1. How large is the convex hull of the Cα atoms of region 108-260 per residue, expressed in Å³ as a whole number?
2. Under 12 Å from the Cβ of R125, count the other residues' Cβ atoms, weight Lys and Arg +1, Asp and Glu -1, and hand me the total.
3. Under 27 Å Cα to Cα from K221, which lysines show up? Leave out anything in the same chain fewer than 8 places away.
4. With a 10 Å radius around each residue's Cβ, average the other Cβ atoms per peptide and rank 140-146, 27-33, highest first.
5. When the helix-only estimate is applied to the chain (DSSP H runs of n ≥ 4, each -39,500 (n - 2.57), divided by the residue count), what is the mean residue ellipticity at 222 nm, nearest 500 deg cm²/dmol?
6. Under 1.5 on a/c is rounded, so check that first for region 19-71, then, if it is not, pick prolate when a/b is larger than b/c and oblate when it is not; a ≥ b ≥ c are the square roots of the alpha carbon gyration tensor eigenvalues.
7. Can you give the relative contact order of region 1-67 as a percent, counting alpha carbon pairs under 8 Å and 6+ residues apart?
8. Packing-wise, with mean Cβ within 10 Å as the measure, how do 7-17, 94-104 rank, highest first?
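We did not get these values from a lab; they are worked out from the coordinates using the rules stated. Every value quoted in this text rests on a predicted model; they were computed, and no experiment measured them. Note that we place each Cβ from the backbone using ideal geometry, even for glycine, and neighbour counts take in every protein chain shown.
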Amino acid sequence: MEREEIKNRIEGLTGNIGFYYENLVTGEVISYDGHEAYRAASVIKLPIFMYVMKLVSEGKLSLTEELIVHDEDKCRGCGALKSFDGNVKITMEGLCNLMITISDNTATNMVIERVGLEILKAGFRDMGLEQAVIARKLCDMEAASKGLQNYVCPAEIGMLLKQVYDRTFASAAISERIERTLLEQQVRHKIPGYIGMDKKIANKTGEEDGTTNDAAIVFAKKPFILVICANKTDVPETERFIRQVALDLYKENGGDWDAK
């Protein structure tokens with residue numbers, strides 16, 4: 001696919017669009033405003049999860065630690081924990097799995113509360129994130145009304161995903177664990193949408209009013225990273241673009257990944 005065609009498609013979309021592609025075999029990078037900051041929506045959960053796993057690798061946090069989710073902890077939006085009556089006992093591992101695989105907002109806030117917002121902010125910097133910002137919990141409308149928002153940068157998210165793929169984030173075992181959790185993702189209507197729900201794609205999405213994001217390691221024969229963030233956009237139109245450009249790049253890179 002001609003690179004100019006991608007640029008033209010992006011320019012035809014509404015809003016602020018950040019596009020980052022990196023071929024993990026050839027090293028080719030395509031970036032259109034990919035180094036800018038964009039409203040994160042639930043993609044913020046990826047660097048949160050990765051920093052938690054870094055703390056686990058350093059012995060500063062345990063995935064077996066149990067926490068109690070109280071009724072006042074439960075928040076709106078995506079997730080399963082809000083549907084349970086009364087207190088729910090769950091491990092840190094369970095919270096992380098829910099945060100990533102079904103984008104559970106309550107689980108995410110529990111993780112943020114346990115680790116600490118200021119520690120996460122410092123952790124983002126420690127992971128090499130400069131544009132990405134975690135400023136508040138999810139569903140915190142009071143903080144949002146004060147202008148506090150979470151942001152991610154497509155190129156920085158791509159950098160983290162490349163470390164996962166290369167098995168260089170924290171340790172090989174931790175990198176593999178992160179990838180395995182992303183592969184269990186249930187929200188797969190964007191980058192995997194036209195490629196096929198059964199294909200090997202490790203992704204994390206994000207969406208809210210006027211925002212749609214997705215970030216993935218796509219295991220074509222030549223694996224690649226694709227991160228697309230769109231703010232103030234026409235969500236259905238942009239998601240059709242995400243699905244189509246992902247499929248086009250997948251075919252360009254040889255189609256189905258061969259585990260052998």
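1. Numbers: hull volume 18.5 nm³, N = 153.
Dividing the Cα hull volume of region 108-260 by its residue count gives 121 Å³.
2. With Lys, Arg at +1 and Asp, Glu at -1, the net is -3.
3. Answer for K221, where 27 Å is the Cα cut-off: K7, K162, K190, K199, K200, K204, K251, K260, listed by chain and number.
4. Working: 140-146: 11.4, 27-33: 14.1.
Highest-to-lowest ranking by the protection proxy: 27-33, 140-146.
5. It lands at -12000 deg cm²/dmol.
6. It comes out oblate by the Cα gyration axes.
7. Here the relative contact order equals 18 percent.
8. Output ranking for 7-17, 94-104: 94-104, 7-17.
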